[in-house]
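Undergrad: Provided herewith is a single structure, encoded as structure tokens, for subsequent inquiry.
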Amino acid sequence: MSAIFTVANKEFRDGLRNRWVLSICIIFSVLAIGLAYFGAAAAGKVGFTSLSSTIVSLASLAVFIIPLIALMLAYDGVVGEDENGTLLLLMTYPLSRWQLLLGKMVGQSAVMAFSTLIGFGSSAIMMGVFSDTTWAELIGPYTVFIFSSMLLGWIFIAIAYVISASVSEKSKAAGIALITWFVFVLVFDLGLLGMLVGTQGNVDEAMFPYLLLLNPTDIFRLVNITYFADQNLTGLMAIAQQTQFSMLSLLGGMLVWLALPVTLAMAIFNRRGL
Amino acid sequence: MNDTMNIVELQQVEKRYQGVTALNKLNLEIRQGEVLGLFGHNGAGKTTTIKLILGLIGASSGQVKVFGEDPTQSEARNLRRKLGFLQENVSFYDQLTGLEVLQYFARLKGVSKKSCLSLLEQVGLSQAGKRRVKTYSKGMRQRLGLAQALLGEPKLLLLDEPTVGLDPIATQDFYRRIEILKQQGCTVILCSHVLPGVEKYIDRALILGQGNLLAEGSINDLRHQASLPATFHLQGRGLTLPDRWAEKAFQDELGIRLDIELKDKMAAMKQLVGIQGLDNMDIHLPSLEDLYTHFIESHNGAGSAMNVTQEAAQ
């Protein structure tokens, strides 16, 4: 246990030192505050708009940027240490492989969680102070949003470790991470839409929303729109809206999505040669 | 633990990577307090041997025992507290300071943080301890690596190219530290292809080539095995050599050169010192480097490889 904590602690400190924490905090808070304030600019007005539209637009931006940041943060977690020579060294210490991997994941997850809390939390505070929305109204939606954002970040950190443990070169890991991001964030949804159009909507309606569960970014979106069912939704989310997954089952789905790559990364790392 | 205990035991150890034999039936016993030099070209099997001893890889066949246990077993993980290891070209974490890096490794090894400062001082990094590792030179990184290997007073030290990037004074310091550790009962395995200066500090040398043991023994043993001559260089005017040596002498850029078998060395010295007109006499004994070259070359020479291996195994 203490070994995991030692590794996690070092990773977090690394994150502070190389300015990852700072950069992510700034990106998230600029994004969140900007959306909260200028979100309605298209409608010809500035100022804090409704909470629900703010969160839904935040979620639809976060779904692009969080996976990207998480993948960038963690893609070299294993292969980078290997290239430095420190992986070999660490394996001669009284430390098992799973402890090292878990420690690194926990540390970087803490970086992600901390930055998400500060970045998005700052916009919640801004809204609480400067808009008409009351604190009580803010707390629920922002808790759901921040927590699901953290989960999304952790899922992609774990996915990054699957990539990092599988390859032998950092550049390869970076390339595969980019493709992974592209597939989950863009290709998957386009594929589903294409399937809908191609079959002229002739897909089993009951089954279709479940296909969205195959993509953690879609679950993340579902989590956040479930909270604001009154929103005018377009695209895939509108279809999924018909089948109401409960909030708990959606979060449960994200936890499954977290557990899978963590387990897979460990299995792959255990078989990695030195 | 008594003096005769073998810290490391390798019996008929083989390691194959995808059909390529990296190590071929190696037998090795290292006693407590011994300093062993492991020499060979790249790909000779040095790193494979080290990794086997560290338990990072398992042997394809044969038996590896470290402190009497199989190092690849997870129960042996606690033995690693007694191990110190420094590999070639380790670059550590650029964003952390030298002290933070050392403290990180200390915590993982279960060593108190207090020892870190004194270790940094011992390797001459006390000034740089508060600076980030990315500002370190190669030599400084190497010294940080050494400090890391020395954490927790290891009983077995494995050092791969430990003096690469160290200046001559730091190298001397390093060898002196090895000497002290040896006196404290620490067993040391030095792995290198850079040889000058190391022979004084090792008890035994092991020369590997393409996964085979080419020669093993103390420097003196190796000199006898190789039967390389001592080289005499004589300078002076109008030198007349005794008949016994005259026929072997020839002129080179350093003067009159004589290659004399080691067993005749003393006799030759006595006679040569007395000859008229001698200004200077240099004697060069076969160094570890000469022996290394000799064993590698005779291994590469067709057909002779087996002889050398057998000779060395005796």
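Undergrad: Tell me whether segment A:3-24 contains one or more residues that are free of Cβ contacts under 8 Å to residues at least 24 places away in the same chain and β-branched (Val, Ile, Thr).
TA: Checking segment A:3-24: not a single residue is free of Cβ contacts under 8 Å to residues at least 24 places away in the same chain and β-branched (Val, Ile, Thr).
Undergrad: Go through segment A:25-40 and give me each residue that's small (Gly, Ala, Ser) and over 14 Å from residue A:115 (Cα atoms). Before the answer, list the steps.
TA: Taking segment A:25-40 as the starting set, the residues that turn out to be small (Gly, Ala, Ser) are A:29, A:32, A:34, A:36, A:39-40.
Once the filter is applied, which keeps residues that are small (Gly, Ala, Ser) and over 14 Å from residue A:115 (Cα atoms), segment A:25-40 yields A:34, A:36, A:39, A:40.
Undergrad: Quick one: in segment A:32-50, which of the residues that are in a helix (DSSP H, G or I) and either modelled with pLDDT of 75 or more or touching a Lys or Arg at 6+ places or on another chain (Cβ under 6 Å) (or both) is nearest to residue A:137 (Cα to Cα)?
TA: Among those residues, the one meeting the criterion is A:36.
Let's see how each residue does on (1) within 10 Å of chain B (Cβ to nearest Cβ); (2) within 20 Å of residue A:155 (Cα to Cα); (3) among the polar types (S, T, N, Q):
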| position | (1), (2), (3) |
| --- | --- |
| A:10 | yes, no, no |
| A:14 | yes, no, no |
| A:19 | yes, no, no |
| A:22 | no, no, no |
| A:36 | no, no, no |
| A:49 | no, no, yes |
| A:67 | no, yes, no |
| A:82 | no, no, no |
| A:100 | yes, yes, no |
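Undergrad: Still on this structure: Any idea which of (1) more than 12 Å from every other protein chain (Cβ to nearest Cβ); (2) closer than 20 Å to residue B:160 by Cβ; (3) not small (Gly, Ala, Ser) is the one residue B:63 doesn't satisfy?
TA: Failing condition for residue B:63: (2).
Undergrad: Identify the single condition in (1) more than 10 Å from chain A (Cβ to nearest Cβ); (2) surrounded by fewer than 22 Cβ atoms within 10 Å (Cβ to Cβ); (3) hydroxyl-bearing (Ser, Thr, Tyr) that residue B:74 does not satisfy, given that it satisfies every other one.
TA: Unmet for residue B:74, out of (1) more than 10 Å from chain A (Cβ to nearest Cβ); (2) surrounded by fewer than 22 Cβ atoms within 10 Å (Cβ to Cβ); (3) hydroxyl-bearing (Ser, Thr, Tyr): (1).
Undergrad: Would a scan of segment B:121-144 turn up a residue that is more than 30 Å from residue A:14 (Cβ to Cβ) and modelled with pLDDT of 90 or more? Break it down stepwise before answering.
TA: Of segment B:121-144, the ones more than 30 Å from residue A:14 (Cβ to Cβ) are none.
Checked segment B:121-144: no residue is more than 30 Å from residue A:14 (Cβ to Cβ) and modelled with pLDDT of 90 or more.
Undergrad: Something else: Please identify the pairs in which a residue from segment B:268-291 that is under 30 Å from residue B:192 (Cα atoms) has its Cβ atom under 8 Å from the Cβ atom of a residue that is among the hydrophobic types (A, V, I, L, M, F, W, C) and exposed (fewer than 14 other Cβ atoms within 10 Å of the Cβ), counting only partners at least 6 apart or on another chain.
TA: Sorted first by the residue in segment B:268-291, then by its partner, the pairs are B:282/B:254.
Undergrad: For segment B:186-215, which positions are assigned to a strand (DSSP E or B) and under 14 Å from residue B:35 (Cβ atoms)?
TA: Passing the criteria: B:187, B:188, B:189, B:190, B:191, B:192, B:204, B:205, B:206.
Undergrad: Please state which one of A:151, A:138, A:87, A:117 is in contact with a helix residue (DSSP H, G or I) (Cβ under 9 Å, 6 or more places away or on another chain), within 14 Å of chain B (Cβ to nearest Cβ), among the aliphatic types (A, V, I, L, M) and assigned to a helix (DSSP H, G or I).
TA: The conditions single out A:87.
Undergrad: So, of the residues in segment B:81-95 that are more than 7 Å from chain A (Cβ to nearest Cβ) and part of a loop (DSSP other than H, G, I, E, B), which turns out to be farthest from residue B:193 (Cα to Cα)?
TA: Residues of segment B:81-95 more than 7 Å from chain A (Cβ to nearest Cβ): B:82, B:84, B:86, B:88, B:94.
Retained after the next criterion (residues that are part of a loop (DSSP other than H, G, I, E, B)): B:88, B:94.
Details: B:88: 12, B:94: 28 Å.
Among them, the one singled out is B:94.
Undergrad: Do we have residue B:99 as within 28 Å of the chain's Cα centre (by Cα) and either over 26 Å from residue A:15 (Cα atoms) or away from chain A (no Cβ under 11 Å) (or both) here? Let's see the steps before the verdict.
TA: Working: within 28 Å of the chain's Cα centre (by Cα): no; either over 26 Å from residue A:15 (Cα atoms) or away from chain A (no Cβ under 11 Å) (or both): yes.
No; evaluated as a whole, the condition is false for this residue.
Undergrad: Okay, next question. What are the pairs, 6+ residues apart or on separate chains, where a residue within segment A:94-105 that is touching a residue at least 12 places away in the same chain (Cβ under 8 Å) has its Cβ under 6 Å from a residue that is in a loop (DSSP other than H, G, I, E, B)?
TA: Taking only residues 6 or more apart or on different chains, the pairs are A:104/A:77.
Undergrad: Of the residues that sit in segment B:96-133 and are touching a strand residue (DSSP E or B) at 6+ places or on another chain (Cβ under 8 Å) and not in a helix (DSSP H, G or I), which one is surrounded by the fewest Cβ atoms within 10 Å (Cβ to Cβ)?
TA: Only one residue fits best here, namely B:131.
Undergrad: Looking only at segment B:232-255, count every residue that is touching a helix residue (DSSP H, G or I) at 6+ places or on another chain (Cβ under 9 Å) and at pLDDT 85 or above and tell me the total.
TA: Counting residues in segment B:232-255 that are touching a helix residue (DSSP H, G or I) at 6+ places or on another chain (Cβ under 9 Å) and at pLDDT 85 or above gives 2.
Undergrad: Then there's this: Which residues, counting only those in segment B:225-266, are surrounded by fewer than 13 Cβ atoms within 10 Å (Cβ to Cβ) and in a helix (DSSP H, G or I)?
TA: Of everything in segment B:225-266, those that are surrounded by fewer than 13 Cβ atoms within 10 Å (Cβ to Cβ) and in a helix (DSSP H, G or I) turn out to be B:243, B:244, B:246, B:263, B:266.
Undergrad: Taking residue B:51 as meeting all but one of (1) of a type outside the set (A, V, I, L, M, F, W, C); (2) surrounded by 18 or more Cβ atoms within 10 Å (Cβ to Cβ); (3) more than 22 Å from residue B:75 (Cβ to Cβ), write down the number of the exception.
TA: Condition not satisfied by residue B:51: (3).
Undergrad: Counting only residues that are crowded, with 24+ Cβ neighbours inside 10 Å and of a type in the set (Gly, Ala, Ser), which one in segment A:139-170 is nearest to residue A:219 (Cα to Cα)?
TA: Of everything passing the filter in segment A:139-170, A:148 is nearest to residue A:219 (Cα to Cα).
Undergrad: Right, something else. With B:132, B:107 as the choices, which residue is within 14 Å of another protein chain (Cβ to nearest Cβ), basic (Lys, Arg), touching a Ser or Thr at 6+ places or on another chain (Cβ under 8 Å) and touching a residue at least 24 places away in the same chain (Cβ under 8 Å)?
TA: B:132
Undergrad: In the set B:33, B:37, which member is part of a strand (DSSP E or B), within 25 Å of residue B:152 (Cβ to Cβ) and touching a residue at least 60 places away in the same chain (Cβ under 8 Å)?
TA: Residue meeting the stated conditions: B:37.
Undergrad: Mind checking whether some residue in segment A:38-45 is over 28 Å from residue B:95 (Cα atoms) and buried (at least 16 other Cβ atoms within 10 Å of the Cβ)?
TA: yes
The values are calculated or read from the model by the stated rules, or taken from the named source; none is laboratory data. If you're wondering where the values come from, they're calculated on a predicted model, not measured in any experiment. With ideal geometry, Cβ positions are generated from the backbone for all residues, glycine too; neighbour counts draw on all protein chains shown.
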